[in-house]
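Chemist: Submitted below is the structure of interest, expressed as structure tokens.
The values are calculated or read from the model by the stated rules, or taken from the named source; none is laboratory data. Since this is a predicted model, take the numbers as computed values, not measurements. Reconstructed Cβ throughout: ideal geometry from the backbone, glycine too, with neighbour counts over all protein chains shown.
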Amino acid sequence: MPDQASAGREAKADLRIVMHTGGPPENEIQITSSAGRLFGERIREVVQFTLQALGVKNTRVEVFDRAAFDWVIMARVETAAKRLCPDLSTEALPEAIADPKPTVRDRMRRSRLYLPGNNPDLMTNAGLFAPDGIILDLEDSVSPAEKDSARILVRNALRAVDFGGAERMVRINPLPEGLNDLPALVPHHVNMVLVPKAESGANVAEIVNAINQIATRHNIQDPIWIMPILETAKGVWRAYEIASASDQVAAITFGAEDFTRDVQAERTVEGRESFVARSMVVLGARAAGVQPIDTVFSDVENEEGLRSSTKEAISLGFEGKGCIHPRQIAVLHDAFQPEEADIIHALKVKAAMDEAQRMGASVISLGTKMIDPPVVARALRVLRVAEEMGIDINGLKPAG
Amino acid sequence: MTLRENKPEEEMPVAEMVKNAVGRLVPTEVNGKAQTPFLGVGKFEPTGRKVAPPIRACHQYALDKRAPSMRAALEKIGLRDGMTIGMHHHMRNGDQVAVALFDTIAEMGIKDILFAPSAVFPCHEPLIKYLENGVIHHIEGSMNGPVGKFASEGNMRGMGILRSHGGRYQAIQDGDLHIDVGIIPAPSADILGNATGAYGPSACGSLGFALADSQYADHVIVVTDNIVEVPCLPWEIQGMNVDVVVEMEKIGDPAKIVSGTTRLTKSPTRLLIAKCVADFIEAAGYLGKPFQAGAGGISLAALAYIADRMREKGLRAPFARGGSTKVLVDMLNEGLIGAILDGQTFDLDAVKSIGEHPRHVPTTPFTSYNYHGKGNWAPYVATSVLGATEVDVKFQANVVTHSDGYLLHGIGGWQNTLFGECSILAFPLFRGRIPIVMEKVTTVTAPSEMISVVITERGIAVNPQRADILERVKGKGLPLVTIEELYETGHKMCGKPQPPDIDRHHPIAVVKWVDGTLIDTVYKVNS
């Protein structure tokens, strides 16, 4: 057993804990904090409370705080304690915010904002930017040595942070490591789990089973949706199999970076190398009746690039796209918004359809043109999306 | 309660504390001068006549007013122990004059100087040793950074006096602050003392804060690193008010006087608040009316959004008061505003513009804010977007101290610009887990009726005393909340801070309202 362990970073809204063995039974706490003159006592109480909840005694704890919130302090203390005593299995949970809402299977998922799972600073305000989903990432943005730390931080964030109307998503690690992430998520109001490097229906089934076992154990009633990420040749090849592996799969998405590497192609601005793969993801999703969601656009500075890439994704059939910076959200939502002309056209089609129904006509016509059923279906979809996005459709009603 | 000078070996002068119109205790006497407690906004009616400098004869002055050194200049005007020196702060954090000046005064063996600059910056940290060894008795003016810490911990002899930019002009005019020697760092000057800030290696734009010193000080010394041909035009400082001209190799570090380019903030939260500010201004119908512009992160980002919306709607504002930056200059050149009345020039584009554009003119605290003026520009402005360190549930606001009691900022033009039609405080609901909306502000810098609206990333609270503004904005889709809701949200996220460790028996500074009355007292922080 080590005689010292540390956790967290001395960074904005975070803290570093150094925990030593050999302290007094009631523990000894030393605090250095940028907010110490106003929150020194509070920090001491939170550290003491956490140690008590964990059942940790006889330690000396040094706190180097940069104005972290309570749920972050609790996570870092717990991580340090578990690094110091690897057998420790207790948890110190922050109070959960008032009932985080469950989400429905086919809700809008235009934008999903990735946040590194071990960085508390970005989490607090993320909900204010109103993405459709917020992804706390345990995979690529967390180094192997910090997986334990991020797991505890993400768990506490799921409980204590108000993400507003955003769907609460977590990207776990690839199998089998990802199975170890689930106990920190399932009992704590996660709405959707993103499964990286999914390559078969069996992969999905394994995750779903593990989730459902934990959910049953903790009496969790709210649905937990799955979004497999197809980012290898094998995964893309089996898009339909993966998308239809479970009723809990609500969407599948594409990961361009890993895919390009896997097929040994070069990534180009136009994305020629992934065109077929993206189309296969759309096909697999549509065939299985789940949402096809596009990859992340990672060039934060390039707003025009994001806009045209999103327009292209929409033209391929995607319903959403990933982003890594709050300022990309408005661009995404704007791009997914139906054009005013499209809405007006859809309103005309709907009016023609209503008219035909009223007259008992079997053929719908707009002016002199006959309208096919797929056109009607598309028009109804445009109107539904416009309504979901809060556009005042009645205000757009064409005269006559 | 008693007021004590922090000088153990001396007999403590004792002053009574009285409650003012906002319920805060303030001393009846500060540094030996009787004081008036804050009576309420617009309640203080001054009487008497303004002060004037001594009468001189023109034949006493040489055609070339240059002295060979700073020391020679100070000897020439007869600097003595206990005198008051005034100075402007247009060189901001790049100033190299103040430290050189006090190095010279120390060499001359002179003591107990009262230093009354329009602001102190972190670059003035070396002055602490002169506060410690008695060359400087105390500072009247904004105190932040290391000097603020020094004063806050009770180490300064004498009480600090914090005045707004307008308040400094008012105090000089009515004699509350008598300047014996006005030191005017000038980016360009001629041998008669005519001076401008518009060009020169240390160009700073407007020299407005120096006007009072040039007109009312007993002695005026212009300090420059760029002597130009007579006449120095435009002469924002008139040579015929100047006693002596001194040349220094360098009066400032250009990189720290103005920023090369003003960058808009990239903080998503600040941008979100700025957008809320623009939404609010648009919803309230203030787009296209005169406004106060600032260079702070949120204020500047809001201005960029406002420019976009004015362009979209084809609106034009007759003028903006600045705080000038590239953003504001671009608006002038594009015709979105009709003029810039410039109190402080913040970047190189703005310095260039003030030198070239006929409708971008320097202004002074006299025209902008002066309480003793026959009017001033502040109330002609529809909106001002300002920061604050704290605001409380009564809408009282604090801009001078941190919640832990330390002096943090000068007042600047903050109090003065509150006189516009709608004063907007815009800030994140917490900074480093310290909530900004408090039950009671640490130091009242503005009474509640002066704050119209508080805008944060978690909602907009209109002051219930401004039913007119609430009427303008309600039902327009803005995220309106009450100030109590902002208080609750902030404290729920951050927790309730413990009371600051300050010594309420030991005042270290007073805060003046724009009329010269005392609105609050700042106390010693136990270090």
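Chemist: So which residues in segment A:65-76 are small (Gly, Ala, Ser) and away from chain B (no Cβ under 14 Å)? Spell out the reasoning first.
Modeler: Start the filter on segment A:65-76 by keeping residues that are small (Gly, Ala, Ser), which leaves A:67-68, A:75.
A:Ala75 - this is the single residue of segment A:65-76 that is small (Gly, Ala, Ser) and away from chain B (no Cβ under 14 Å).
Chemist: In the same structural domain as A:Ser244 (by TED's automatic domain parsing) and surrounded by fewer than 23 Cβ atoms within 10 Å (Cβ to Cβ): does that describe A:Pro100?
Modeler: On the way: in the same structural domain as A:Ser244 (by TED's automatic domain parsing): no; surrounded by fewer than 23 Cβ atoms within 10 Å (Cβ to Cβ): yes.
So A:Pro100 does not fit the description; no.
Chemist: Also, I was wondering about something else. Out of all the residues in segment B:351-377, which are crowded, with 24+ Cβ neighbours inside 10 Å and either charged (D, E, K, R) or more than 15 Å from B:Glu236 (Cα to Cα) (or both)?
Modeler: B:Ser353, B:Ser368, B:Tyr369, B:Asn370
Chemist: How many residues does segment B:408-433 contain that are assigned to a strand (DSSP E or B) and either away from chain A (no Cβ under 14 Å) or among the polar types (S, T, N, Q) (or both)? Step through it out loud before you land on a result.
Modeler: Narrowing segment B:408-433 to residues assigned to a strand (DSSP E or B): B:422-426, B:430-431.
Now restrict to residues that are either away from chain A (no Cβ under 14 Å) or among the polar types (S, T, N, Q) (or both): B:422-426.
The total comes to 5.
Chemist: Conditions first: (1) of a type in the set (Val, Ile, Thr); (2) buried (at least 16 other Cβ atoms within 10 Å of the Cβ); (3) without any contact (Cβ under 8 Å) to a residue 40 or more places away in the chain. A:Ile73 passes all but one, so which condition is the exception?
Modeler: Result: A:Ile73 passes all but (3).
Chemist: Filter segment A:118-133 for residues that are within 21 Å of A:Asn156 (Cβ to Cβ) and within 11 Å of the chain's Cα centre (by Cα); which is nearest to the other protein chains (Cβ to nearest Cβ)?
Modeler: So the residue we want is A:Pro131.
Chemist: Any idea which of (1) on the phi > 0 side of the Ramachandran plot; (2) free of Cβ contacts under 8 Å to residues at least 24 places away in the same chain is the one B:Ala467 doesn't satisfy?
Modeler: (1)
Chemist: Tell me yes or no: at least one residue of segment A:289-308 is within 14 Å of chain B (Cβ to nearest Cβ), part of a loop (DSSP other than H, G, I, E, B) and touching a residue at least 24 places away in the same chain (Cβ under 8 Å).
Modeler: Keep residues of segment A:289-308 that are within 14 Å of chain B (Cβ to nearest Cβ), which gives A:300-301, A:303.
Among the residues that remain, those that are also part of a loop (DSSP other than H, G, I, E, B) are: A:300-301.
Narrowing the set further to residues that are touching a residue at least 24 places away in the same chain (Cβ under 8 Å) leaves A:300.
Within segment A:289-308, one or more residues are within 14 Å of chain B (Cβ to nearest Cβ), part of a loop (DSSP other than H, G, I, E, B) and touching a residue at least 24 places away in the same chain (Cβ under 8 Å).
Chemist: Just name the residue that is nearest to B:Tyr371 (Cα to Cα) out of those in segment B:457-477 that are touching a Cys at 6+ places or on another chain (Cβ under 8 Å) and within 14 Å of chain A (Cβ to nearest Cβ).
Modeler: Checking each candidate, the answer is B:Ile460.
Chemist: If you check A:Leu15 against the conditions, is it under 22 Å from A:Ala150 (Cβ atoms) and more than 14 Å from chain B (Cβ to nearest Cβ)? Step through it out loud before you land on a result.
Modeler: Values: under 22 Å from A:Ala150 (Cβ atoms): yes; more than 14 Å from chain B (Cβ to nearest Cβ): no.
No, not satisfied.
Chemist: In segment A:24-64, how many residues are over 16 Å from A:Ala75 (Cα atoms), among the aliphatic types (A, V, I, L, M) and at the interface with chain B (Cβ under 9 Å from one of its Cβ atoms)?
Modeler: Counting residues in segment A:24-64 that are over 16 Å from A:Ala75 (Cα atoms), among the aliphatic types (A, V, I, L, M) and at the interface with chain B (Cβ under 9 Å from one of its Cβ atoms) gives 2.
Chemist: Only one of A:Val263, A:Val236, A:Val249 is modelled with pLDDT of 95 or more, more than 23 Å from the chain's Cα centre (by Cα) and not basic (Lys, Arg). Can you tell me which?
Modeler: Numbers: A:Val236 fails: more than 23 Å from the chain's Cα centre (by Cα); A:Val249 fails: more than 23 Å from the chain's Cα centre (by Cα).
Testing whether each residue is modelled with pLDDT of 95 or more, more than 23 Å from the chain's Cα centre (by Cα) and not basic (Lys, Arg) leaves just A:Val263.
Chemist: Looking only at segment B:379-400, decide whether some residue is within 14 Å of chain A (Cβ to nearest Cβ), of a type in the set (Val, Ile, Thr), surrounded by 24 or more Cβ atoms within 10 Å (Cβ to Cβ) and closer than 25 Å to A:Ser34 by Cβ.
Modeler: The answer is no, given that none of the residues of segment B:379-400 is within 14 Å of chain A (Cβ to nearest Cβ), of a type in the set (Val, Ile, Thr), surrounded by 24 or more Cβ atoms within 10 Å (Cβ to Cβ) and closer than 25 Å to A:Ser34 by Cβ.
Chemist: So, one more: Tell me, yes or no, whether segment A:84-106 has at least one residue that is at pLDDT 95 or above, farther than 22 Å from A:Ile134 by Cα, of a type outside the set (A, V, I, L, M, F, W, C) and in a helix (DSSP H, G or I).
Modeler: No, there is no match, as no residue in segment A:84-106 is at pLDDT 95 or above, farther than 22 Å from A:Ile134 by Cα, of a type outside the set (A, V, I, L, M, F, W, C) and in a helix (DSSP H, G or I).
Chemist: Which of the residues spanning segment A:134-145 are surrounded by 22 or more Cβ atoms within 10 Å (Cβ to Cβ) and either away from chain B (no Cβ under 14 Å) or among the charged types (D, E, K, R) (or both)? Write out each step before concluding.
Modeler: Taking segment A:134-145 first, the residues surrounded by 22 or more Cβ atoms within 10 Å (Cβ to Cβ) are A:134-139, A:142.
Within segment A:134-145, A:Ile135, A:Leu136, A:Asp137, A:Leu138, A:Glu139, A:Val142 qualify.
Chemist: Next up: Only residues in segment A:88-102 that are β-branched (Val, Ile, Thr) count as the first member; pair them with residues that are exposed (fewer than 15 other Cβ atoms within 10 Å of the Cβ) and part of a loop (DSSP other than H, G, I, E, B), Cβ under 6 angstrom, at least 6 apart or cross-chain, and list the lot.
Modeler: As it stands, the answer is A:Thr90/A:Gly55, since those pairs meet every condition given.
Chemist: Looking at segment A:306-358 only, could you name the residues that are among the basic types (Lys, Arg) and outside the structural domain of A:Thr295 (by TED's automatic domain parsing)?
Modeler: First, pick out the residues of segment A:306-358 that are among the basic types (Lys, Arg): A:307, A:311, A:321, A:327, A:348, A:350, A:358.
Of everything in segment A:306-358, those that are among the basic types (Lys, Arg) and outside the structural domain of A:Thr295 (by TED's automatic domain parsing) turn out to be A:Lys348, A:Lys350, A:Arg358.
Chemist: Additional query: Which ones in segment B:322-337 are under 20 Å from B:Cys204 (Cα atoms) and either surrounded by fewer than 20 Cβ atoms within 10 Å (Cβ to Cβ) or among the small types (Gly, Ala, Ser) (or both)?
Modeler: Let us first name the residues in segment B:322-337 that are under 20 Å from B:Cys204 (Cα atoms), namely B:322-330, B:332.
Answer for segment B:322-337, where residues must be under 20 Å from B:Cys204 (Cα atoms) and either surrounded by fewer than 20 Cβ atoms within 10 Å (Cβ to Cβ) or among the small types (Gly, Ala, Ser) (or both): B:Gly322, B:Gly323, B:Ser324, B:Asp330.
Chemist: To continue, here is another question. Spot the failing condition for B:Arg71; the list is (1) over 20 Å from B:Gly160 (Cβ atoms); (2) in contact (Cβ under 8 Å) with a residue 60 or more places away in the chain; (3) in a helix (DSSP H, G or I), and only one is missed.
Modeler: So B:Arg71 meets the others, but not (2).
Chemist: To continue, here is another question. Among the residues of segment A:309-316, are any of a type in the set (Ser, Thr, Tyr), over 24 Å from A:Phe129 (Cα atoms) and in a helix (DSSP H, G or I)? Steps first, answer last, please.
Modeler: So the first thing to find is which residues in segment A:309-316 are of a type in the set (Ser, Thr, Tyr), and the list is A:309-310, A:315.
With the extra rule that they be over 24 Å from A:Phe129 (Cα atoms), the set shrinks to A:315.
Those left that are additionally in a helix (DSSP H, G or I): A:315.
Yes; the residues of segment A:309-316 include at least one that is of a type in the set (Ser, Thr, Tyr), over 24 Å from A:Phe129 (Cα atoms) and in a helix (DSSP H, G or I).
Chemist: Moving to a separate point now. Identify the residue in segment A:103-133 that is among the hydrophobic types (A, V, I, L, M, F, W, C) and over 18 Å from B:Arg458 (Cα atoms) and, among all such residues, is surrounded by the most Cβ atoms within 10 Å (Cβ to Cβ).
Modeler: Taking segment A:103-133 and keeping what is among the hydrophobic types (A, V, I, L, M, F, W, C), we get A:104, A:108, A:113, A:115, A:122-123, A:126, A:128-130.
Okay, now just the ones that are also over 18 Å from B:Arg458 (Cα atoms), so A:104, A:108, A:113, A:115.
Numbers: A:Val104: 12, A:Met108: 17, A:Leu113: 26, A:Leu115: 23.
In this case the residue turns out to be A:Leu113.
Chemist: A further question on this structure: If I go through segment B:261-277 residue by residue, how many of them are surrounded by fewer than 21 Cβ atoms within 10 Å (Cβ to Cβ) and within 14 Å of chain A (Cβ to nearest Cβ)? Show your work before the answer.
Modeler: Our first condition is that a residue be surrounded by fewer than 21 Cβ atoms within 10 Å (Cβ to Cβ); within segment B:261-277, this holds for B:261-269, B:275.
After this cut, where a residue has to be within 14 Å of chain A (Cβ to nearest Cβ) as well, the list is B:263-269, B:275.
Going through segment B:261-277 one residue at a time, the tally reaches 8.
Chemist: Oh, and also: I need the full set of residues from segment B:64-73 which are out of contact with any helix residue (DSSP H, G or I) (no Cβ under 6 Å at 6 or more places or on another chain) and under 29 Å from B:Thr345 (Cβ atoms), in order please.
Modeler: At the first step, the residues of segment B:64-73 found to be out of contact with any helix residue (DSSP H, G or I) (no Cβ under 6 Å at 6 or more places or on another chain) are B:64-66, B:68-69, B:72-73.
Correct list: B:Lys65, B:Arg66, B:Ala73.
Chemist: Any residue in segment A:250-267 that's not assigned by TED's automatic domain parsing to the domain that holds A:Lys197: show its pairings with residues that are crowded, with 24+ Cβ neighbours inside 10 Å at Cβ separation under 9 Å, as long as the two are six or more apart or on different chains.
Modeler: none
Chemist: Let me ask something additional. Scan segment B:142-160 and give yes if some residue there is over 30 Å from B:Val228 (Cβ atoms) and among the β-branched types (Val, Ile, Thr), otherwise no. Let's see the steps before the verdict.
Modeler: Residues of segment B:142-160 that are over 30 Å from B:Val228 (Cβ atoms), as a first pass: B:142-160.
Right, trim to among the β-branched types (Val, Ile, Thr) and you get B:147.
Within segment B:142-160 (the criterion being over 30 Å from B:Val228 (Cβ atoms) and among the β-branched types (Val, Ile, Thr)), the answer is yes, since at least one residue qualifies.
Chemist: Same structure again: Can you give me the number of residues within segment B:478-527 that are among the small types (Gly, Ala, Ser), in a loop (DSSP other than H, G, I, E, B) and either within 30 Å of the chain's Cα centre (by Cα) or more than 10 Å from chain A (Cβ to nearest Cβ) (or both)?
Modeler: As a first pass, look at segment B:478-527 and keep what is among the small types (Gly, Ala, Ser): B:490, B:495, B:509, B:516, B:527.
Restricting the remaining residues to those that are in a loop (DSSP other than H, G, I, E, B) gives B:495, B:516, B:527.
When the remaining residues are screened for being either within 30 Å of the chain's Cα centre (by Cα) or more than 10 Å from chain A (Cβ to nearest Cβ) (or both), the result is B:516, B:527.
Final tally of qualifying residues: 2.
Chemist: Taking A:Val276, is it over 30 Å from A:Asn125 (Cβ atoms), in contact (Cβ under 8 Å) with a residue 12 or more places away in the chain and assigned to a helix (DSSP H, G or I)? Quick ask: steps written out before the conclusion?
Modeler: Details: over 30 Å from A:Asn125 (Cβ atoms): yes; in contact (Cβ under 8 Å) with a residue 12 or more places away in the chain: no; assigned to a helix (DSSP H, G or I): yes.
In short, no.
Chemist: OK, next. How about segment B:233-248: which of its residues are within 25 Å of B:Asp180 (Cβ to Cβ) and assigned to a loop (DSSP other than H, G, I, E, B)? Outline the logic, then answer.
Modeler: Within segment B:233-248, the first condition is being within 25 Å of B:Asp180 (Cβ to Cβ), and the residues that meet it are B:235-248.
If the condition is that a residue be within 25 Å of B:Asp180 (Cβ to Cβ) and assigned to a loop (DSSP other than H, G, I, E, B), then B:Trp235, B:Glu236, B:Gln238, B:Val242, B:Asp243, B:Met248 are the ones that fit.
Chemist: Between a first residue in segment B:426-437 that is farther than 16 Å from B:Asn463 by Cβ and a second residue that is among the acidic types (Asp, Glu) and at pLDDT 95 or above, which pairs have beta carbons less than 6 Å apart while being 6 or more apart in sequence or on different chains?
Modeler: Correct list of pairs: B:Pro428/B:Glu457.
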